[in-house]
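**Student:** The structure's right below; bear with me while I get my questions together.
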Amino acid sequence: APHSATQIHSPGSHRNMADSKASLATVLLIGSGGREHTMAWKLSQSPKVGKVLVAPGNGGTLGGKLEKIKLDVNDHKAVLDACKKHGVSLVAVGPEAPLAVGIADFLTKGGVGVFGPQKNAAEIEASKAFSKDFMARHNIPTAEYKNFTDYKEAQAYLKAIKHKVVIKASGLAAGKGVVLPETTEEALENLESIMVNKEFGDAGAEVVIEELLGGPEASCLAFTDGTTVIIMPAAQDHKRIFEGDKGPNTGGMGAYSPAPVLTPELREFVLKNVLQKAVDGLRKEGRRFVGVLYAGMMIDPKKGPQTLEFNCRFGDPETQVLLPLLDTDLYEVMKACVDGTLDKLDVKFKNKHAATIVAASGGGPKKKG
């Protein structure tokens, strides 16, 4: 019969449809880079997400489920008020700076779930000196090092040692506070730039001087709820600005994943001896870590995998190659991390490859082009 396909709506059916739409989650994503564009893109693919608000966002975070909102992310009360106004059930924090000043603590106290660590757990990135001491306490493989707050002492140490070094500003320097001097003279100049001339501002009030390791690097990121750790495929990013791995360090000129340098055996080693040890150590010290823990590793031919640093969030540009490979709903992964139920979720990655290239303004890492 021609009318057999006619649907008869009961009076409540429109309401049910409205209810199901209302039950979709609204996520607030904090940040403005390529990393945040990728996170927003991936979150918008979730059937459980109705809207992704991005503050401040960028030219890519528009359309479909994505919406840019004006918000001072340094004003934590304003962020909490915006969450209440828009019915936000989950906040995902892209960059490290808001985490380092305690945005997760404030929002969690206000009743909003945050994918990102509390302030005392974010210290694993916010202070390189804390991070190195933490690795020593928990027997996590890392290079020999010394921390300095006194310029003259650091200067004397550089003159006394014979091996090549890496000099790191201890505080947050947007991924640029690391220098690799070729000679003692260059190392002394770098030290003066950081500690006396404040090249990286207050981030250089304390420095870490560590032994230079050799071998290829790999970025090893993991999801964690503070107990369970799920490692992602390894990525390699290209830090130095020029072709052939030359020139000063940048925030990252491109990345690809998976990186074959991290064999299945090495991946298992990093998961067990670096990432899981770090998450367990932080928890034991009352610093429960929720979100993405990122270990920058160097595969030293003599010493094996050594931890260069920890970051308390997704890497940029690694996110741009890791999230396209994630086969599980990102919103569900984030929610499980926040709820402490990551052990119940089967997180899968596609058996594929991804690459990204950064188009950067001229002038290099020290000046805007």
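The values are calculated or read from the model by the stated rules, or taken from the named source; none is laboratory data. Keep in mind the model is a prediction, meaning the values are calculated, not measured. So basically every Cβ, Gly included, is an ideal-geometry build from the backbone, and we count neighbours across all protein chains shown. Keep in mind that these areas ignore ligands, DNA and RNA; they rest on the heavy atoms of the full protein, side chains included. Shrake-Rupley method; radii C 1.70, N 1.55, O 1.52, S 1.80 Å.
**Student:** Take GLU96 and decide whether it is acidic (Asp, Glu), closer than 23 Å to PHE289 by Cα and open to solvent by 20 Å² or more (accessible area, probe 1.4 Å).
**Tutor:** yes
**Student:** Out of the residues in region 316-358 that are among the polar types (S, T, N, Q) and over 18 Å from the mean Cα position of the chain (by Cα), state the one that is least open to solvent (accessible area, probe 1.4 Å).
**Tutor:** THR328
**Student:** So how many residues does region 20-34 have that are modelled with pLDDT under 95 and closer than 19 Å to VAL333 by Cβ?
**Tutor:** Qualifying residue count, region 20-34: 0.
**Student:** Let me ask another. Go through region 151-202 and count every residue that is in a loop (DSSP other than H, G, I, E, B), open to solvent by less than 50 Å² (accessible area, probe 1.4 Å) and either aliphatic (A, V, I, L, M) or closer than 20 Å to GLU96 by Cβ (or both).
**Tutor:** Final tally of qualifying residues: 7.
**Student:** Taking region 59-82 as the region of interest, how many residues are open to solvent by less than 50 Å² (accessible area, probe 1.4 Å) and in contact with a strand residue (DSSP E or B) (Cβ under 6 Å, 6 or more places away or on another chain)?
**Tutor:** 5
**Student:** Looking at region 49-75, I want the residues that are on the phi > 0 side of the Ramachandran plot and have a partner that is open to solvent by 70 Å² or more (accessible area, probe 1.4 Å) and part of a strand (DSSP E or B) with Cβ atoms under 8 Å, at least 6 apart or on another chain. Which pairs are those?
**Tutor:** Qualifying pairs under 8 Å: GLY57/LYS68.
**Student:** Continuing with this model, one more query. Of the residues that sit in region 281-315 and are open to solvent by 40 Å² or more (accessible area, probe 1.4 Å) and among the acidic types (Asp, Glu), which one is farthest from GLU210 (Cα to Cα)?
**Tutor:** The residue in question is GLU285.
**Student:** Can you tell me which residues in region 101-141 are modelled with pLDDT of 95 or more, touching a Lys or Arg at 6+ places or on another chain (Cβ under 8 Å), within 19 Å of SER170 (Cβ to Cβ) and open to solvent by 30 Å² or more (accessible area, probe 1.4 Å)?
**Tutor:** If the condition is that a residue be modelled with pLDDT of 95 or more, touching a Lys or Arg at 6+ places or on another chain (Cβ under 8 Å), within 19 Å of SER170 (Cβ to Cβ) and open to solvent by 30 Å² or more (accessible area, probe 1.4 Å), then VAL101, ASN120, GLU123, HIS138 are the ones that fit.
**Student:** Moving to a separate point now. Can you find even one residue in region 288-296 that is charged (D, E, K, R) and either in contact with a Phe, Trp or Tyr (Cβ under 9 Å, 6 or more places away or on another chain) or outside any loop (DSSP other than H, G, I, E, B) (or both)?
**Tutor:** Checked region 288-296: no residue is charged (D, E, K, R) and either in contact with a Phe, Trp or Tyr (Cβ under 9 Å, 6 or more places away or on another chain) or outside any loop (DSSP other than H, G, I, E, B) (or both).
Conditions tested, residue by residue: (1) at pLDDT 95 or above; (2) more than 27 Å from GLU123 (Cα to Cα).
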| site | (1), (2) |
| --- | --- |
| PRO2 | no, yes |
| ALA18 | no, yes |
| LYS48 | yes, yes |
| LYS51 | yes, yes |
| LYS85 | yes, yes |
| PRO98 | yes, no |
